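The values are calculated or read from the model by the stated rules, or taken from the named source; none is laboratory data. Computed from a predicted model, the values in this text were never measured in an experiment. Quick reminder, even Gly has a Cβ in these numbers, built from the backbone with ideal geometry, and neighbours come from all protein chains shown.
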Amino acid sequence: MILRLAIGSLLARALTVGMTVLAIALSVALFLGVEKVRTGARASFADTISGTDLIVGARSGSVQLLLYSVFRIGNATNNVSWESYQDIAARPEVDWIVPISLGDSHRQFRVMGTTPAFFEHYKYRGGRSLEIREGHGLGDLYDAVIGADVAAALGYAVGDGIVVSHGLASFTDHDDQPFRIAGIIAKTGTPVDRTVIVSLEAIEAIHVDWQSGAQGQGRTTPVEVIRAMDLTPKAITAALVGTESRLQIFGLQRWINEYAEEPLLAILPGVALSELWQIVGVAETALMGVSLMVVVTALLGMTAMIFSSLNERRREMAIWRAMGARPGTILGLLVLEAMLMAAAGAVAGMALLYLGLVVAQPWIDAAFGIWLPIEAPRPREILVLATVIAAAGLASLLPALRAYRLSLADGMMVRI
Amino acid sequence: MPEPAIALTDVVFAWPGRGGFSLHCPTFEMAPGESVLLLGASGSGKSTLLSLICGIVAADRGRVSVDGTDLGTLGAGARDRFRAERIGVIFQQFNLLPYARVADNILLPLQFAPARRARAGDAAGEAARLCAALGLPGDVLAMQAGRLSVGQQQRVAVARALIGAPPVIVADEPTSALDAATQDAFLALLFDQAGAAGSSLLMVSHDERLGARFDRVIRLEDIVSAQGVAA
């Protein structure tokens, strides 16, 4: 009956209580949303590469190498020479090695030169292989295989012709050597979805007439001549390496890092990723802190609302006291009301979050490549909601103690 | 000889921080089943006296006894429980929790009084019987209290005071918000039901015309001396 009366009391003040519940709901949705994006981003990043033991590139920072080679974020400051690549490939510890060459683009998407071995060895989300949804892999020199987002965003189908642009933000196209879309990769939720993949030789072919990043004037080598040329690259951007045994990873890493012919860097993707989290962690903590403050603000608003209602509820408290309720019962009643408001806010906040996820999930995936799963609340989220409800009870103790003292002083004799 | 329903002996009480209002009651007694009208002007200490009798506050000195129990021997929590068990309270107006159903309002004191709940037996049935006896509509129990007229609310307050037949009913100017015609009907119902329950009735009022219905009429100044300004 006490619970029913507490709910009735809240419903009787529907407008102010509703606003308070809405504020709590929005703050809870924001807090859980930030947490969802944070874990979603981490999971998406962690799922991007799997089964690769080392990533090798020119010596720079390990996070930088990870970002440009796997996530297509930023650029390499230098390349790895083909000789060095072959030296690494010849090491007995190496089970497989896949070269990648970056630097050109098609529209807003990066173009990556690689070998067919990429499709064999690149794994994501716990060991899943790339699957070509339509068409086939790289066959001809001018074949391109595109990611699902590239196909969706630009409306491409197998057989369509595309032209690769030189560099990442240039107005110069390699329009003398157009590519044909040979295949479209099924959606992976990784940067592969936003990549145009061509052969390593093709990257070399489109740069035949280029020197030091600029096109030689008036020189246009015919395609037939290019096809007959030796298109072995002089340099690559990076290489993904798998070892014969995991025990050999550190030995090979040390060998590459101490390679005398050229300054190279070999990184373990997992270690580099945790370094990245350490950097991003500060921003994450700040974001969590801000959203936590929003929850605290909403609870303070609720406390202020209870405080302001105390005076007009003195008569009501006097009735409770006259019926035999102790001052402690009055205190408990106000705490119960606050916890009911917080519970309603928490549930509404959760509902808002799921609604937001349903609406924003495809957009966030397309825009940022972050997949936010819609799934049952995790124990951590339930704990957050329980903490909000408990914090509301705790915050309401201030006005509740005031009500306690008022009801002691007023007794049952409040005149209105 | 049965214990008096209410007995005050040499009671002294002063409100802390209320303009120093203090009250002294040398002696006052009410027999079981007796009805007493206590007449007094505003600020004469009526509310303070009722607070002492209901155990909301404890006397600084002297003895306040209700239904044979010396309230001075009880702690604050025990006095609250005692009030729920043995005293039915009716206010001047705004008696009910307006957002609650009439049934919940009537049954509320039983939440804090297990013995009174046991006395009431089928509490919902008893609430319905009291409402019918007080001339309230048959469907009133399910209605929200705030939607009733003032007169109906006062009758619901009587039903709440009488449920579980407490030995003492304390009424603080329960008719002042009612018009003259309704006052008579209300008092007739109150007396009938208090008599049926065997409860003593202590009513406080400033209206001398009500006196004819009561066994005794007492002026507050005859039993209480007060100093300062009452709340």
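Residue-level check: of (1) within 21 Å of A:Thr195 (Cα to Cα); (2) surrounded by 22 or more Cβ atoms within 10 Å (Cβ to Cβ); (3) of a type outside the set (Val, Ile, Thr), A:Phe71 misses just (2).
Considering A:Gly328, A:Gly324, A:Gly332, the condition of being within 14 Å of another protein chain (Cβ to nearest Cβ), surrounded by 14 or more Cβ atoms within 10 Å (Cβ to Cβ) and not in a helix (DSSP H, G or I) is satisfied by A:Gly324 alone.
Condition check ((1) crowded, with 17+ Cβ neighbours inside 10 Å; (2) more than 27 Å from B:Pro114 (Cα to Cα); (3) free of Cβ contacts under 8 Å to residues at least 40 places away in the same chain) across all residues:
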| site | (1), (2), (3) |
| --- | --- |
| B:Asp172 | yes, no, no |
| B:Asp184 | no, yes, yes |
| B:Ala197 | yes, no, yes |
| B:Val204 | yes, yes, no |
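Could you check segment B:152-187 and list, in sequence order, the residues that are at pLDDT 85 or above, over 13 Å from the mean Cα position of the chain (by Cα) and either under 19 Å from A:Trp320 (Cβ atoms) or of a type in the set (Gly, Ala, Ser) (or both)? Within segment B:152-187, B:Gln153, B:Val156, B:Gly164 qualify. Restricting segment A:242-271 to residues that are of a type in the set (Val, Ile, Thr) and in contact with an Asp or Glu (Cβ under 6 Å, 6 or more places away or on another chain), the residue that is surrounded by the most Cβ atoms within 10 Å (Cβ to Cβ) is A:Thr243. Scan segment B:217-227 and tell me whether some residue there is in a helix (DSSP H, G or I), in contact (Cβ under 8 Å) with a residue 40 or more places away in the chain and touching a Pro at 6+ places or on another chain (Cβ under 8 Å). Yes: one or more hits. Of the residues making up segment B:58-98, those that are in a strand (DSSP E or B), under 20 Å from B:Leu23 (Cβ atoms) and more than 8 Å from chain A (Cβ to nearest Cβ) are B:Arg61, B:Gly62, B:Arg63, B:Val64, B:Ser65, B:Val66, B:Asp70, B:Ile87.
Of all the criteria given as (1) of a type outside the set (A, V, I, L, M); (2) part of a helix (DSSP H, G or I); (3) not assigned by TED's automatic domain parsing to the domain that holds A:Trp96, the one not satisfied by A:Phe250 is (3). Within segment A:16-54, the set of residues being part of a helix (DSSP H, G or I), out of contact with any Gly (no Cβ under 6 Å at 6 or more places or on another chain), aliphatic (A, V, I, L, M) and away from chain B (no Cβ under 14 Å) comprises A:Met19, A:Leu22, A:Leu26, A:Leu30, A:Leu32, A:Val34, A:Val37, A:Ala41, A:Ala43, A:Ala46.
For segment A:241-274, a tally of residues being out of contact with any Leu (no Cβ under 8 Å at 6 or more places or on another chain) and within 12 Å of A:Leu66 (Cα to Cα) returns 3. Taking the criterion of being touching a residue at least 24 places away in the same chain (Cβ under 8 Å), part of a loop (DSSP other than H, G, I, E, B) and surrounded by fewer than 21 Cβ atoms within 10 Å (Cβ to Cβ), the residues of segment A:131-158 that qualify are A:Glu131, A:His136, A:Gly137, A:Gly139, A:Asp140, A:Leu141, A:Tyr156, A:Ala157, A:Val158.
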